[in-house]
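A.B. asks: Provided herewith is a single structure, encoded as structure tokens, for subsequent inquiry.
The values are calculated or read from the model by the stated rules, or taken from the named source; none is laboratory data. What you are looking at is a predicted structure, and each value in this text was computed from that prediction instead of being measured. Note: ideal-geometry Cβ built from the backbone for every residue, glycine included; neighbour counts use all protein chains shown.
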Amino acid sequence: MYLSGMAEVSDVKRDFNKEAASWDKEPRRLKMANDIANAISDEIKLTPTMDVLDFGCGTGLLSLNLSPFVRSVTGVDNSHGMLDAFKAKIENQGLTNVKAEYLDLDKGDELVGSYHLIVSSMTLHHIREIGPLLERFHGVTTPGGHLCIADLDPDDGLFHDSNEGVFHSGFDRAAMSRAFIKAGFSAIRSRTAAEIIKPTPLGGTRSFTVFLVAGRKID
């Protein structure tokens, strides 16, 4: 199934550990996390009985936006640097319903637990094979639970300053919706969640849109 706006771009992993300390200093990232959280809350009724998994949580920007409205948020990531920044926030804010854990599926780690809502923001374009990951998400989603993926619409390979570690130059929303269905989710809907205006490697600035695709596990 062809999801990407373009063919895969790079087979080299990006070192997010080096970027962790300055990650939150970019205002557009803070705004995007807030916009995506708002889009999720528009699509999914967040309740105090919900346990949430944030896959590719980074420094916890999305997790912390969702945590006041749910029972718990577990953030997982394969960057120790990002997780250290997230854990510092958890400690500094005295949060008891949020935790950050290391997970690297490429090294054989497994998704465990059971979640009413799984979210992932701006992570899937760094994952080579999307289908198997969605199936793993389905396996740890409770019956009646939800999956929400936020990522780039096709971006012509211009969103990132470097395409190191980028396997997909954005995704086609319809194809992503079909991938949700193949993985076992239903009631699929999509919408624009955020807009990002930033310089491109070719010079000048461009507007990039971030979609939200949401689905529900029925069985």
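A.B. asks: Would you check if residue 67 is over 15 Å from the mean Cα position of the chain (by Cα), crowded, with 17+ Cβ neighbours inside 10 Å and either modelled with pLDDT under 95 or not in a loop (DSSP other than H, G, I, E, B) (or both)?
C.D. replies: yes
This table checks each residue for (1) part of a loop (DSSP other than H, G, I, E, B); (2) among the small types (Gly, Ala, Ser); (3) at positive phi.
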| position | (1), (2), (3) |
| --- | --- |
| 111 | yes, no, no |
| 120 | no, yes, no |
| 138 | no, no, no |
| 142 | no, no, no |
| 146 | no, no, no |
| 149 | no, no, no |
| 157 | yes, yes, yes |
| 166 | yes, no, no |
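A.B. asks: Under 6 Å between Cβ atoms, at least 6 apart or on separate chains: pull out the pairs that start in region 182-198 with a residue that is touching a residue at least 40 places away in the same chain (Cβ under 8 Å) and surrounded by 13 or more Cβ atoms within 10 Å (Cβ to Cβ) and end on any residue that is of a type in the set (Gly, Ala, Ser) and outside any strand (DSSP E or B).
C.D. replies: Filtered contacts from region 182-198: 193/39.
A.B. asks: Please work out which one of (1) surrounded by 13 or more Cβ atoms within 10 Å (Cβ to Cβ); (2) touching a residue at least 60 places away in the same chain (Cβ under 8 Å) is the condition residue 158 fails and give its number.
C.D. replies: All conditions pass for residue 158, except number (2).
A.B. asks: Residue by residue through region 179-208, note down the ones that are more than 18 Å from the chain's Cα centre (by Cα) and not β-branched (Val, Ile, Thr).
C.D. replies: Those that are more than 18 Å from the chain's Cα centre (by Cα) and not β-branched (Val, Ile, Thr): 182, 184, 186, 187, 198, 199, 201, 202, 203, 204, 206, 207.
A.B. asks: Let me ask you something else. Among (1) surrounded by fewer than 23 Cβ atoms within 10 Å (Cβ to Cβ); (2) closer than 18 Å to residue 124 by Cβ; (3) touching a Leu at 6+ places or on another chain (Cβ under 7 Å), which single condition is residue 77 missing?
C.D. replies: (1)
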